[in-house]
Amino acid sequence: MKENEPEWIEVGAATELSRSSLAPVSVGEARVALSCVGGEFGAISNICNHVGGPLGQGRLDGDYVVCPWHQWKFHRQTGAGEPGFEADRVPSHAVKVVDGRLYVSARPVTRRGRLAHPPLPLAREPQRAPGPVRVAGISTTAMDPNNPRYSTSDALLTSALEGARASHGAEVKLVKLNDLGFKHCGGYYSRAARACTWPCSITQMDTKDELVEVYELIVHWADVLLIATPIRWGAASALYYKMVERMNCIQNQITLHNNVLIRDKVAAFIITGGQDNVQAVAGQMCGFFGELGFVLPPFPFIGHSLGWTAEDMERNVEFVRMHEGLHAGARELAARAINVSERLIAKSMSTGHIERGGRKANIPSRAPHSS
Ligand code: FES
């Protein structure tokens, strides 16, 4: 072998390998993303710079390999990042065809390089700032902003927040999901567990993602979360589900890293509808937010429904508007949640991690008890 000549490893017949435009291939101990365009081969590391996605399982966009996890791009032959991000590069290997056989250098001929990606503010360690109890209200009803209507769930949420501020000196914030621009969950966890990241991969990639506001509230700002939803066909609203799917990344931090982001926080719910399914909707909400780490107060939800037989919706808005008992119930719900929150602030229950036995994605590693 000549000096500076790489050590070559024979990978296979060039004709056969050229049938696939992009595939992961083993080269000795290395895994490369092997590509072929117009008969020209390229080989770069199979491991993406972002969080290790398998580049060879991605797709080609011209001469760029697109990572299947979050779509970062690397030149298929040089490994350089896409234009503007060239320095964010993966190692590339030399390739040659001799007598119809493809050879790839055992070692990369260029190095990995990483551009500094400053962490998003969301990624900071959750730590409660001193001050009064902070109550965040999240409205999940859909609304045409040009033709606003009276929303029963919003009305009760507003009463709850006003009660929290006026009677308990709480700081309050209201967020209406309807006003935020945010994408649906991309289902990254379904591709590979590690592809689901905190902060959410969508937030990392989309500078216009306005769900940041909700993440900030629930992970960092709020002590108490009040979520209001209408019932739609026996379930919480579509916007509610769009939001909770995007919260997979919070729950998956526990699954993947035993990192509990929700610490010493309380959640309670307001559910209104024209048909009765309040308890089932409440069950889902209590279950989901409990799984994130929220603590529930006694009687963690209030509901209102006109029921199956007397679904006289013409009276519904007026009923909620005039029914002082419902608004008092909303204020008391906030009061119960604040009461629990004050105890948690005074005496933390959170450890930042949990014992994994019996939890999701836990493979028991300890020997069983001997009796
Ligand atoms: S883009 Fe490759 S792992 Fe995220």
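What follows is calculated from the coordinates using simple rules that are stated; it is not laboratory data. Just so we're clear, the structure is a prediction, and the values are computed from it rather than from any experiment. As a convention, Cβ positions derive from the backbone with ideal geometry for all residues, glycine included, and neighbour counts pool all protein chains shown.
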Fill in the blank from the handout: Under 5 Å from the placed amide H of T272, counting only residues 5+ away or on other chains, we find T229, I231, H304
Problem - Partners for K96 among lysines (Cα-Cα distance below 26 Å; same-chain residues under 8 apart left out) - result: K2, K73
Handout entry: Karplus-derived 3J(HN,Hα), 6.51/-1.76/1.60, for each residue of segment 308-315, Hz, glycine and proline x
Key = 7, 6, 9, 7, 8, 5, 4, 8
Practice task
Output ³J(HN,Hα) for segment 82-96: one whole-Hz value per residue in order, computed from phi by the Karplus curve 6.51 cos²θ - 1.76 cosθ + 1.60 with θ = phi - 60°, and x for Gly and Pro.
Solution key: 5, x, x, 10, 4, 6, 7, 10, 9, x, 10, 10, 6, 10, 7
Handout entry: Hits among aspartates and glutamates - C-alpha to C-alpha of K360 under 19 Å, sequence gap 8 or more where chains match
Key = E245, E291
Fill in the blank from the handout: Per DSSP, the loop-located chymotrypsin sites (Phe, Trp or Tyr not before Pro) within segment 142-202 having at most 14 other beta carbons within 10 Å are Y150
Handout entry: R356 paired with D63, simple spin-label distance in nm, labels 7 Å along Cα-to-beta-carbon
Key = 4.4
Problem - Longest exposed-site-free window of the chain, the sites being trypsin sites (Lys or Arg not before Pro) in a DSSP loop that have at most 13 other C-beta atoms within 10 Å - result: 209-346
Practice task
Using amide H atoms built 1.01 Å from N in the peptide plane, name the residues 5+ places from K176, or on other chains, whose amide H lies under 5 Å from its own.
Solution key: S139
Completion exercise
The answer for A94, listing residues at least 5 apart or on another chain whose modeled amide H is closer than 5 Å to its amide H, is S105, V109
Fill in the blank from the handout: Sequence order, segment 149-162: Karplus ³J(HN,Hα) from phi using 6.51 cos²θ - 1.76 cosθ + 1.60, θ = phi - 60°, Hz rounded, Gly and Pro as x, gives 10, 6, 9, 5, 5, 5, 4, 6, 5, 4, 4, 4, 5, 5
Fill in the blank from the handout: Per the helix-only model, the chain has a calculated mean residue ellipticity at 222 nm (DSSP H runs of ≥4, -39500 (n - 2.57) each, divided over all residues, rounded to the nearest 500) of -7500 deg cm²/dmol
Problem - Assigned charges on the beta-carbon of Lys, Arg, Asp, Glu; segment 8-105 dipole about Cα centre (debye) - result: 120
Completion exercise
Simple spin-label estimate for R149/E291, 7 Å along Cα→Cβ, in nm, reads 3.1
Handout entry: Qualifying lysines (Cα of each under 30 Å from Cα of K173; at least 8 residues distant if same chain)
Key = K183, K208, K242, K265, K347
Practice task
Would you mind checking the tilt of helix 324-346 against the longest principal axis of the Cα atoms of the chain, expressed as 0 to 90 degrees and rounded to 10?
Solution key: 60
Practice task
Taking only Cα atoms and a 10 Å spring cutoff, compute GNM fluctuations for the chain and point out the largest among D154, D209, D99.
Solution key: D99
Handout entry: Neighbour-limited loop hits for chymotrypsin sites (Phe, Trp or Tyr not before Pro), segment 301-338 (at most 15 other Cβ within 10 Å; DSSP other than H, G, I, E, B)
Key = W308
